Amino acid sequence: MSLAPDIVSVSTAQAPAMTHILLVDDVPQNLVALEALLAQDGLDILKANSGAEALELLLRFDVALALLDVQMPEMDGFALAEFMRGSSRTRHVPIIFLTASPSDPARSFKGYDAGAVDFLHKPLDPRVLLGKVNVFIQLYRQRLELKERNERLERSLQLNETMIAVLTHDLRTPLSA
């Protein structure tokens, strides 16, 4: 019979939440192909057929990355990117523009000015796209982990300050008597 108490290990780490990425293209076949290429565990792929639909999704979900088609009716990818940069909620979301247009430096610069981190031309090289997407997913998850650690450290600091205040009070009480 052991006299040592049973120690139960409690992990504060939770199962990783789903990471959302946003695909925006007015051609449904492109969305299906991108979704099939990018599908992986822990990744939720949000699809939008228009800029307006994409904005609605961005209001509901925190997104790690947005892949935007440049040429869409009504609201093109550049306009959508400007809306995203104008909102504090989506300002930090990395944007990769996808286009079938021939390489044009002026359009590329317009994309970078609109807030893009990259500009890829169709047909896409699957390895290049997967590599880029995976990097942004890792960065997003690391940012969430750092935020969580920072919150835990702040709670610990507050607890320590409270404990020091109580101990200081308790030490002064006998001395004042």
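Of note:
- Long-range amide H partners of D76 with built H, under 5 Å: none
- Estimated 222 nm signal from helices in the chain, with DSSP H stretches of n ≥ 4 weighted -39500 (n - 2.57), rounded to 500: -17500 deg cm²/dmol
- For segment 71-118, the spread of Cα positions along each principal axis, largest first, Å: 33, 23, 14
- Choice from E82, E151, E161 showing the highest fluctuation, given a GNM over the chain with Cα pairs closer than 10 Å: E161
- Between segment 22-62 and segment 139-154, the alpha-carbon centres lie 26 Å apart.
- In whole percents, the pair-distance distribution calculated for the chain from its alpha-carbon pairs, binned every 5 Å from zero, is 1, 7, 14, 16, 15, 10, 7, 5, 5, 4, 4, 4, 3, 2, 1, 1, 0, 0.
- Fraction of accessible area attributable to carbon and sulfur, the chain (%, probe 1.4 Å): 59
- For segment 87-177, the Kirkwood radius over C-alpha pairs fed into Stokes-Einstein at 10 °C and 1.306 mPa s yields D = 89 µm² per second.
The values are calculated or read from the model by the stated rules, or taken from the named source; none is laboratory data. These numbers come from a predicted model, not from an experiment. These accessible areas exclude ligands, DNA and RNA; they are computed on the full protein's heavy atoms, side chains included. Shrake-Rupley method; radii C 1.70, N 1.55, O 1.52, S 1.80 Å.
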